[in-house]
Amino acid sequence: MTYERTYEMEPDAPPAEAWEDYERRATTLWRELLSSPDLHEDRYQAFLEDNPAFVPGAHGLSLTSGHVPIRAGVFAKPVLPGYSAKQPDMMWIATDSVEITPILLEIERPSKKWLTADGVPRREFTQARNQLTDWREWFAKPHNQLLFREGFHLDRPPESSKPLRPFYVLVYGRRDDIKDAAYKRAADRRPDEEVMTFDRFSPSRDQADYLCIRLRQGHVSVVTFPSTGRIGPNIAPEWVGIGGFEQAIERSSAISLQRKAFLRRRIPYWLQWAQERRGIIFTGDWE
């Protein structure tokens, strides 16, 4: 065991975008999207892929964990191995010292209504709720849990020893479209699920450093590197094996040219260090 710091920090790193600036800018864009509720669902999906800080669940929903989620990123359109029906729109894999909690999100349009004029859940709402049930039934089979662990690289210690406790989220409609009593009836839910409106989305500062990622054919690649994202020993171990950093950084219009050049140079350093990962880590070390 090495009881010393084995990495070197860059003292003059160009800063990431200040959280306050990002929050103000991104919230304005989100509100503009919500003011046009009839847009195709892909528009809302694209925004959330570009802004992982808006997607709830990185640290769990029923209980909040202080652990970094698996891969320190949210999966866009993840594929459940061997599952041929509708896949989740987004998924975090939250974790703590005891268990692993995949957070699967089904995201509909904000223009969709929850209830009929008589206060009865609409057929479209019920169908969307049933999607959560389908995923729950899939995870209930031990063989599928094994496929999930293998597909998302959770079949090695310490993750392999932790049980899976999936959590399911439906995002549907707007708060103004429902009344309190009707909401309680329509949102009567199981302990492992949450039904929310688009009004619940807001950027979380705790998620400022997290990526949006995609897993295809066993390979994980970066979809979005956030403009607020920092790098360092606290997060680099979760990024080992992920590709596409340079391309994702270049695609961002919110990262300054100086910051882009710095990230291109320093991310390989941190990934190399993380493969060996020895010595102590100072939690305040960020670039």
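In order along the stretch 151-159, the Karplus-derived 3J(HN,Hα) couplings, from 6.51 cos²θ - 1.76 cosθ + 1.60 at θ = phi - 60°, round to x, 9, 6, 10, 9, 10, x, x, 5 Hz, and Gly and Pro are given as x.
Computed from the Cα positions only, the extents of the stretch 125-239 along the three principal axes stand at 48, 39, 24 Å, in decreasing order.
Proximity of backbone amide H atoms, modeled 1.01 Å from N, is registered between VAL220 and GLY243 at under 5 Å, excluding neighbours fewer than 5 places apart on the same chain. Taking amide H as placed 1.01 Å from N in the peptide plane, the amide H of LEU211 sits under 5 Å from that of GLY73, VAL74, each at least 5 places away or on another chain.
With an 8 Å cut-off on Cα pairs and a minimum separation of 6 or more residues, tell me the relative contact order of the chain in percent. Mind showing how you got there, number by number?
Values: 467 pairs, mean separation 72.1, N = 287.
Answer for the chain is 25 percent.
Considering every alpha-carbon pair of the chain, the percent of pairs per 10 Å bin, from zero through the bin containing the longest distance, is 6, 27, 34, 22, 9, 2, 0. The Cα atoms of the stretch 1-154 cover 66, 44, 26 Å along the three principal axes, with the biggest extent listed first. Compared with the dominant Cα axis of the chain, that is its longest principal axis, helix 257-276 is turned about 80°.
For the stretch 162-175, backbone phi angles converted through the Karplus equation (6.51, -1.76, 1.60; θ = phi - 60°) give residue-by-residue couplings of 9, x, 8, 10, x, 9, 10, 10, 10, 10, 7, x, 10, 5 Hz, Gly and Pro being listed as x. Footprinting exposure proxy ranking of LEU29, LEU257, LEU132, fewest other C-beta atoms within 10 angstrom first, gives LEU257, LEU29, LEU132. Among LEU154, LEU164, sorting on how many other beta-carbon atoms sit within 10 Å of each Cβ, with the fewest leading, yields LEU164, LEU154. Taking the Cα centre of the stretch 144-287 as the origin and placing charges on Cβ (Lys, Arg +1; Asp, Glu -1), which of ASN234, GLN217, GLY244 is farthest toward the positive end of the dipole? Positive-end residue among those listed: GLY244. Every helix of 4 or more DSSP H residues in the chain counts as -39500 (n - 2.57), and over all residues that averages to -9500 deg cm²/dmol at 222 nm.
What FRET efficiency would be calculated for the residue pair ASP199, ASN130, taking the C-beta separation as r and a Förster radius of 25 Å, to the nearest 0.05?
Details: r = 23 Å, r/R0 = 0.93.
It comes out at approximately 0.60.
The HN-Hα couplings worked out from phi for the stretch 47-60 by the Karplus form 6.51 cos²θ - 1.76 cosθ + 1.60 (θ = phi - 60°) are 4, 5, 5, 6, 9, x, 5, 7, 7, x, x, 4, 10, x Hz, whole numbers, x standing for Gly and Pro. Annotation: amide H-H contacts under 5 Å for LEU115 (H modelled 1.01 Å from N, sequence separation of 5 or more, or interchain): ARG122.
Just so you know, all these numbers are worked out from the coordinates, no wet-lab data involved. This is a predicted model, so every value here is computed, not measured. Methodologically, a virtual Cβ is constructed for each residue, glycine included, from the backbone with ideal geometry; neighbour enumeration extends over all protein chains shown.
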